[in-house]
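What follows draws every value from the coordinates through simple rules; no lab data is involved. If you're wondering where the values come from, they're calculated on a predicted model, not measured in any experiment. When we count neighbours, we look across all protein chains shown, and the Cβ atoms used for this are built from the backbone with ideal geometry, even at glycine.
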Amino acid sequence: MDDRLELAHDVAARLRANIETVVIGKPDQIKLVLTALACRGHVLLEDVPGTAKTVLARALAGSIEGSVSSRIQCTPDLQPTDVTGLTVYDQREREFRFRAGPVFGNVLLVDEINRAMPKTQSALLEAMAEGQVTVDGVTHQLPSPFHPLATENPIEQEGTFPLPEAQLDRFFLRTALGYPDLEEELSIVEGQLGGHPLDDLRAVVAETDVTALQQAIESVYVDQLLRRWIIELVRATRSLDFVALGASVRGSLALERAARALAVIDGRDHAEPDDVERLFVPVVLHRLLLTPEYLADAEPTVDEVARRVWEAALVRAPRPAPQWEDSRAALRPEIP
C-alpha cells in the first residue's frame with residue numbers, strides 16, 4: 001500500500017478509535033459513518049430515541065480539529081430560513097447582510113428530519129445535493145468538509161412528512177445504531193458516573209487529514225469483474241417483482257465508492273467482494289420503493305426486506321467467484 005493509502009488508513013483508524021471511546025459497542029456503524037465521510041456522503045440514521053445518534057455526530061465533530069458541529073431539531077413549524085439562514089438589514093452599516101443558519105457546519109445533525117415540512121426538506125435537499133444554499137436569489141457555498149447525519153424515528157408516524165424518493169436517494173447510506181447489549185449498557189452507565197465522555201474528547205485529526213482520506217480512495221483498485229458485479233447487483237433491484245422503483249445509477253456510483261473507502265479503512269489498496277456484500281444493504285436498500293401489495297400482504301420488517309432484496313439480487317447477479325481470485329492477479333495493474 002502506498003504512502004497516501006497508509007496515511008488515509010491511519011486517519012480512519014484514529015477517528016474510529018476516538019469515537020469508540022464515546023459510542024460503545026457500535027464498531028460496524030462507526031465504520032459505516034467513516035465510509036460515508038471518506039466518500040463525502042450523507043448518512044441517514046433510522047432508529048428510536050436514546051440510541052446515541054446525537055452522541056455519534058458530536059463525537060465525529062469533536063474528533064476533527066477545527067470542525068464545527070451544529071444541530072437542527074426538525075419540527076412541523078421549522079421554516080427554510082431556520083435552516084439556511086436569512087438576509088437581515090444592518091441599520092448601523094445601512095446594508096443587508098446574510099446571517100448564516102445552522103446548515104453552515106462541518107458535521108450537521110438533522111434530528112428527526114421527517115418532522116420538517118416538505119418546503120424545509122427541499123432547502124436541505126439543495127444543501128445535500130450541491131453543497132450550497134440559495135437565499136433571496138444569492139447562492140452561498142457550504143463549508144468543507146460538510147457531513148450531514150440525519151435521524152428519523154421509524155416507529156412514530158404522527159405529525160411526520162415521509163422523505164421523498166429524490167431526497168432518500170441523496171443519502172449515501174442508511175443504518176441504525178440499535179440498543180447495546182447488557183455488558184455494553186453497563187459500560188455506558190459506569191462510564192458516565194463522573195461525567196459524559198464527550199467532555200474529555202479531544203481532536204485526533206485535522207481537516208487536512210480528512211481531505212487526504214477523501215482523496216486517497218481514488219487510488220484504491222477495483223477489478224473490472226468486481227465493478228461489473230456491483231452494477232449488476234444494483235440493476236437487479238430494478239426487476240424485482242416486489243420493488244416498484246429500483247436503485248438509480250447513483251446507487252451504483254455510491255456502492256463502488258463505498259467499497260473503495262471500506263478497503264482503505266480496513267488497510268487494503270483494493271476492494272473485494274466481501275466489501276460489496278457488507279455495504280449493499282446500507283447503501284442500496286433505502287433507494288428502493290416497494291410495491292404497496294408487498295407491504296400490505298407481508299408487513300415486513302426492515303431486516304426481512306433487506307434479506308429478501310439481497311437474496312433476490314444475488315440470484316440475478318451471482319458473486320464473481322472463483323473467477324475473481326483467478327483474475328485479480330492477472331488483471332490488476334500496479335497502483336502508481
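Given axes a ≥ b ≥ c from the Cα gyration tensor, I'd like to know whether segment 127-261 is rounded (a/c under 1.5), prolate (a/b larger than b/c) or oblate.
On the way: a/c = 1.38, a/b = 1.31, b/c = 1.06.
Rounded.
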ask   = Can you give the angle from 0 to 90° between the axis of helix 118-130 and the longest principal axis of the chain, with both taken from C-alpha atoms, to the nearest 10?
value = 60
message = For the chain, give me the percentage of DSSP beta bridges that are antiparallel, rounded to the nearest 5 percent.
response = 40
ask   = Taking +1 at the Cβ of each Lys and Arg and -1 at the Cβ of each Asp and Glu, which of Tyr89, Val43, Gly178 sits farthest along the dipole of segment 1-219 towards its positive end, judged by Cα position relative to the Cα centre?
value = Tyr89
note = Rounded to the nearest 10, the angle in degrees between the Cα long axis of helix 53-62 and the longest principal axis of the Cα atoms of the chain comes to 80
query = Of the peptides 258-265, 216-223, 200-207, how do they stack up when ordered by the mean number of other Cβ atoms within 10 Å, highest first?
reply = 258-265, 216-223, 200-207
ask   = What angle do you read, to the nearest 10 degrees and between 0 and 90, between the alpha-carbon axis of helix 27-38 and the longest principal axis of the chain?
value = 80
message = No solvent, one uniform scatterer per C-alpha: report log10 I(q)/I(0) for segment 1-219 via the Debye equation at q = 0.11, 0.12, 0.14, 0.16 1/Å, two decimals.
response = -0.58, -0.68, -0.90, -1.13
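Assign unit charges at the C-beta atoms only (+1 for Lys and Arg, -1 for Asp and Glu), then state the dipole size of the chain relative to its Cα centre in Debye, rounded to the nearest 20.
Numbers: 34 positive and 53 negative charges, 193 e Å.
Dipole magnitude for the chain comes out near 920 debye.
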request  = Have a look at Leu34, Leu182, Leu198 and tell me which one the Gaussian network model of the chain (Cα, springs below 10 Å) gives the largest fluctuation.
outcome  = Leu182
